[in-house]
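The values are calculated or read from the model by the stated rules, or taken from the named source; none is laboratory data. Computed from a predicted structure; not experimentally measured. In this analysis, Cβ positions are derived from the backbone assuming ideal geometry, glycine residues included, and neighbour counts consider all displayed protein chains. Just so you know, the surface numbers come from the protein's heavy atoms only, side chains and all, with ligands and any DNA or RNA stripped out. Shrake-Rupley method; radii C 1.70, N 1.55, O 1.52, S 1.80 Å.
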Amino acid sequence: MEEFLTAHFWFAVGQIIMIDILLGGDNAVVIALACRQLPDHQRTKGIMWGTAGAIVLRVILIFFALTLLAIPFLKFVGALLLIWIGVKLLTPDEDDDHSNIQGSDKLWGAVKTVIIADLVMSVDNVIAIAGAAQTSGNADHQMPLVIFGLLVSIPIIVWGSQLVLKLMDRFPMIITAGGMLLGWIAGTMMQTDPGLVAYLPQDKVWGYAMGLAGALLVLALGKIILARRPASQEAA
């Protein structure tokens, strides 16, 4: 119980909530599209059951991700993927298309669509959340931490997505901070990779240094890509 009162635990909870809010915008769009053809009296049920199914499925995926990250060098690969996700967050594409999400006029058809679409779109969330959970400092509490973080963040995504999107539009630093957070998690993941622990110092100062390096790397790559994008578009 004492572990749940530590700063490490609540810092990790904060990371998971921020990751889900930043990376979950598309999931909110999918839920809306999948349920758009339901009768009004069934839309709330479709959203509730679809979201519940998506949460359960994501918890299962994260459980396997936490187990797989114990394999040597998989954390390193996951860290590289997180850096890529962070850079992508800072340099969004304009042509994201959700028109292939088919709505259903049947309750369970819509629920199935939500769950399947969330599964396809949740790879980035799963890896990022698994990495954030490991910063709590206690392996025994990683899954309770993940479940708690998801339960808090999913309602924010589903019912508060419009507010979150407006805040992101008004304060772009939220997006920048989110991308740098993914870089931070990537750096700390690399330090604790079972295949690299023998070659890297394991003290906290070194961990902070690697986290900062990952955050700055994401920021630098994002700025470079954004600076070059207008030139490439004009050349096209």
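Tell me whether the range 94-101 contains one or more residues that are among the β-branched types (Val, Ile, Thr), at pLDDT below 70 and under 29 Å from ILE174 (Cβ atoms).
Of all residues in the range 94-101, those among the β-branched types (Val, Ile, Thr) come to 101.
Restricting the remaining residues to those that are at pLDDT below 70 gives 101.
Checking the rest, the ones that are also under 29 Å from ILE174 (Cβ atoms) come to 101.
Yes, the range 94-101 contains at least one residue that is among the β-branched types (Val, Ile, Thr), at pLDDT below 70 and under 29 Å from ILE174 (Cβ atoms).
Looking at the range 77-92, which of the residues that are free of Cβ contacts under 8 Å to residues at least 40 places away in the same chain and in a helix (DSSP H, G or I) is least open to solvent (accessible area, probe 1.4 Å)? Step by step, filter the range 77-92, then rank; the result is VAL77.
Taking the range 110-228 as the region of interest, the helices (runs of 4 or more DSSP H) fully inside it that hold 1 or more residues being at pLDDT 85 or above and either out of contact with any Cys (no Cβ under 9 Å at 6 or more places or on another chain) or open to solvent by 40 Å² or more (accessible area, probe 1.4 Å) (or both) are 173-191.
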